[in-house]
Amino acid sequence: MSGGYAKINGTQRKIVGAWSKVNGTWRKGSVVSAKVNGQWKEAWKNAFPSPTFLIYPNTIIRGDTFTWTTDSITGANYEIQSRYNGGSWSASTFSSTPTGSFTASSNTANTSIQLRVRAVAPGTHDKQSGWYEGPTRSLGADVLDKPTGLTYPTTLTRGQKITVRWNAKSDVKYHLQAVYNDGTPTATLYSGFGGGSADYYISTGTSNSKVKFQIKGGKSGYIDSPYTVGPQITLNPQKLATISSISAPKPYQGQTITVSWGAVTNATTYQLEVQYNNGSWIRAYTGSNRSYTAKVSSTATSIQWRVRPTAIGYADGDWKYSDQVSVALPPLKQTTWTATLVRSWRSKEDWGWRDPSDTGDTDSIDRMYQGSWNSPPWWGNHRGLAFFNYNSIKSTLAGKDIEKVRVYMYRINAGGYVSGQSIKLWTHNYASVPSGRPDLSYVQGPFSSFARGEGKWITVDNKVAERIRDGSAKGIALYREDELGYLFMSPNVKIEVTYR
């Protein structure tokens, strides 16, 4: 067939030269026959020679792009086809070079792949050579893409509840883990399809100093994805719970009280502080006990306590406060001391301390005299002294506030002026009877007239007890510089002190 037009393969073509059907395909050119391997075969006279090899990798993964290589045939382009699982050949792709790239299907149903190549004319893609079929290769599973969008808080505390999030696909099974201290993953937060978030409590273990989270995906027909690893976060110590209760009595000044409080899990030490009069907080106790005995300040008008738990590896718990309460004055106490000795000194020249030889009156030595008898014979002006166990008074009143002082005296129903006589009170600083005239310190008077045979308690200035408490006096005395008020008291002299 030459010249004119003919319909070939459904296309009207102009006839130039001869067309022949070769191996079921119409080809332009002459058909020749040759015996090949003992068989007669038809060939197209003007066709390119067939490639003699086709090389591509032994291992191909679904979705991978790989390189193929074949013969370099002068003047030819290359037509490539593929097929999967030994099925039909695909549509052609063309390459101008004997080396090209090919992307394998990612369809998980495909388990094998084969390529074939032939030489063709550039542009027209005619003058096709015979096909050269490459080897059939198994298709390996594709590696699933790493999960994306892994997020969690960047500030973390031991024991904190958090939410870890990621971008999820419903057909992918995710495996989410926590990794502490760069060690082996110790906790699985989530294992399942989809998801997208998981709640988790950070470990309370004090040995864990840092944490990060990692997630991978798995899907049927795919190799599990590599882990996506999130940032590593340094863990803040877990905060201890607040103590539930604190108990402290309402005290008075100087009182010894016990403060107690509740226990807190993981606490090893408790810190107790006290505040007086809305001032600064003062550390009262640090230790493992849950009670503390303390003496309340003697100057406090208000008091408040607070306590908190502590432990190594934990943040201190919040302070637990007691109620602020007023501090009462201490309860009043009253103590009475009786004179251990009374003696009287008189100013008449060379007489000094009274004794029985003066008058023959053996009772006169144990009397507490005041004033002078102004009718002859004149006995001189008296200084009557009462001695006490002053050390007892001093120690009892040490640090105490003295509220009231009374003195008891009984005027003997004899001697002295018949009428009532006022006294003038002094203090002295003698533990025993001195050898000469006693020195005295004024307190108060004249006051409180005593009749013969009258005994009574009289309220006196607080200086009487304060001087003994503070060490500047040891007892009391009667003395009238004006020489009036002549009387004498029994030795039953007492001091009563009311104090807190």
Based on the mean of other beta carbon atoms within 10 Å per residue, what is the order of 271-278, 93-100, most packed first? 271-278, 93-100
Taking θ as phi - 60°, what are the ³J(HN,Hα) couplings along segment 256-269 by the Karplus curve (6.51, -1.76, 1.60), each to the nearest whole Hz, with x for Gly and Pro? 8, 10, 10, 9, 9, 8, x, 8, 10, 4, 6, 6, 10, 9
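Listed here are the pairs Lys424/Lys494; Lys404/Lys424; Lys250/Lys494; Lys161/Lys219; Lys333/Lys474; which of them are more than 26 Å apart at the Cα? Walk me through the numbers before you get to the answer.
Working: Lys424/Lys494 16 Å; Lys404/Lys424 18 Å; Lys250/Lys494 36 Å; Lys161/Lys219 30 Å; Lys333/Lys474 21 Å.
Among Lys424/Lys494; Lys404/Lys424; Lys250/Lys494; Lys161/Lys219; Lys333/Lys474, the Cα-Cα distance tops 26 Å for Lys250/Lys494; Lys161/Lys219.
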With only Lys, Arg, Asp and Glu charged, each at its Cβ (+1 for the first two, -1 for the last two), find how big the charge dipole of segment 420-500 is about the Cα centre; round to the nearest 20 debye. 220 debye
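Determine the sum of side-chain charges near Lys494: Lys and Arg each +1, Asp and Glu each -1, restricted to other residues whose C-beta is under 13 angstrom from that of Lys494. Don't skip to the answer; put the middle values down first.
Details: positive: Arg406, Lys456; negative: Glu496.
Once all neighbours under 13 Å are counted, the net charge is +1.
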Between Met368, Ile402, Ser220, whose Cα lies farthest towards the positive end of the dipole of the chain when Lys and Arg beta carbons carry +1 and Asp and Glu beta carbons carry -1, centred on the Cα centre? Ser220
If you place +1 on the Cβ of every Lys and Arg and -1 on the Cβ of every Asp and Glu, how big does the dipole about the Cα centre of the chain come out, in debye to the nearest 20? 2620 debye
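Please give the charge dipole size of segment 207-336, origin at the Cα centre, charges +1 on K and R Cβ atoms and -1 on D and E Cβ atoms. Round to the nearest 20 debye.
The calculation lands at about 120 debye.
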Output ³J(HN,Hα) for segment 281-288: one whole-Hz value per residue in order, computed from phi by the Karplus curve 6.51 cos²θ - 1.76 cosθ + 1.60 with θ = phi - 60°, and x for Gly and Pro. 7, 10, 5, 9, 7, 9, x, 8
Using amide H atoms built in the peptide plane, which far-off residues or other-chain residues are under 5 Å from Leu341 H to H? Phe387
Among Ala198, Ser82, Asn429, which residue has its Cα furthest toward the positive end of the charge dipole of the chain, with +1 on Lys/Arg Cβ and -1 on Asp/Glu Cβ? Ser82
Under 8 Å for C-alpha pairs, at least 6 residues apart: give me the relative contact order for segment 351-472, rounded to a whole percent. 28 percent
Going through Lys348/Lys400; Lys210/Lys320; Lys295/Lys320 one by one, the pairs whose alpha carbons sit over 32 Å apart turn out to be Lys348/Lys400
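Just so you know, all these numbers are worked out from the coordinates, no wet-lab data involved. Just so it is clear, the model here is predicted, and its values are computed rather than measured. Positions of Cβ are backbone-derived with ideal geometry, glycine not excepted, and every protein chain shown enters the neighbour counts.
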